[in-house]
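The structure appears below as structure tokens.
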Amino acid sequence: MAKVIAINISDKKGVIKNPVEHAEFIVGEGIKDDAHCGIDEIKQVSLLADESVDKMRAMGLKLDAGVFAENITTQGIELKTLPIGTRLKIGQTLHEVSKIGKECHHGCEIKQKTGTCVMPTEGIFTRVIKGGIVKPGDEIVIL
């Protein structure tokens, strides 16, 4: 079963996000109280698989959820293989995959330490189609 292992938000852009017990997802906006909420129609919510983070942990780094500034840390789903337009039911919400990967921001500390970063190639972004609450442990279903 694919599931949410962490929900992460921050009040500033370009910083590590911190885990929260649950989050409210707003249609067409993103996550309430996250710095990216309402800013970008394509990149409302970011997702990264914990299995992708494991690749970086194998290089000797201690990495917690949110360190790649992902809003949702997942487990049991290969996000990077989902085509744009795929719909995901996550907790009470419905999302549509809108972008695969992103440019690593200049000065990414992880890339400087290891020479690589997984978010640009393995992270994805979604649009919120149906709002609601999501919390760690919620199931992720590909529709």
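The values are calculated or read from the model by the stated rules, or taken from the named source; none is laboratory data. Keep in mind the model is a prediction, meaning the values are calculated, not measured. Every residue, glycine among them, receives a Cβ derived from its backbone with ideal geometry; neighbour counts consider all protein chains shown.
Some notes on this structure:
- Note on segment 1-35: among residues that are at pLDDT below 95 and in contact with a Ser or Thr (Cβ under 8 Å, 6 or more places away or on another chain), the one that is farthest from GLY137 (Cα to Cα) is ALA35.
- Taking the listed residues GLU51, GLU41, the one that is within 17 Å of ASN8 (Cβ to Cβ), surrounded by fewer than 17 Cβ atoms within 10 Å (Cβ to Cβ) and modelled with pLDDT of 90 or more is GLU51, with no other qualifying.
- Check on ASN8, in contact (Cβ under 8 Å) with a residue 12 or more places away in the chain and either hydroxyl-bearing (Ser, Thr, Tyr) or in contact with a Pro (Cβ under 6 Å, 6 or more places away or on another chain) (or both): yes
- Entry remark, segment 74-105: residues being within 18 Å of VAL128 (Cβ to Cβ), of a type in the set (Ser, Thr, Tyr) and more than 14 Å from the chain's Cα centre (by Cα) number 2 in total.
- Matching residues in segment 3-28 - criterion: being part of a loop (DSSP other than H, G, I, E, B), among the small types (Gly, Ala, Ser) and surrounded by 17 or more Cβ atoms within 10 Å (Cβ to Cβ): SER10
- Residues (farther than 24 Å from ASP11 by Cβ and either surrounded by 15 or more Cβ atoms within 10 Å (Cβ to Cβ) or of a type in the set (Gly, Ala, Ser) (or both)) located in segment 56-72: MET56, ALA58, GLY60
- Enumeration of residues in segment 80-110 that are at negative phi, surrounded by 14 or more Cβ atoms within 10 Å (Cβ to Cβ), modelled with pLDDT of 95 or more and not in a strand (DSSP E or B): LEU82, THR86, GLN92
- Odd one out for GLY60, checked against (1) under 18 Å from THR126 (Cα atoms); (2) in contact with a Ser or Thr (Cβ under 9 Å, 6 or more places away or on another chain): (1)
- Scanning segment 29-73 for residues that are in a loop (DSSP other than H, G, I, E, B) and among the polar types (S, T, N, Q), we see that the one that is nearest to the chain's Cα centre (by Cα) is ASN71.
- Inside segment 6-28, residues that are closer than 17 Å to HIS95 by Cα and either of a type in the set (Val, Ile, Thr) or more than 15 Å from the chain's Cα centre (by Cα) (or both) make up a count of 4.
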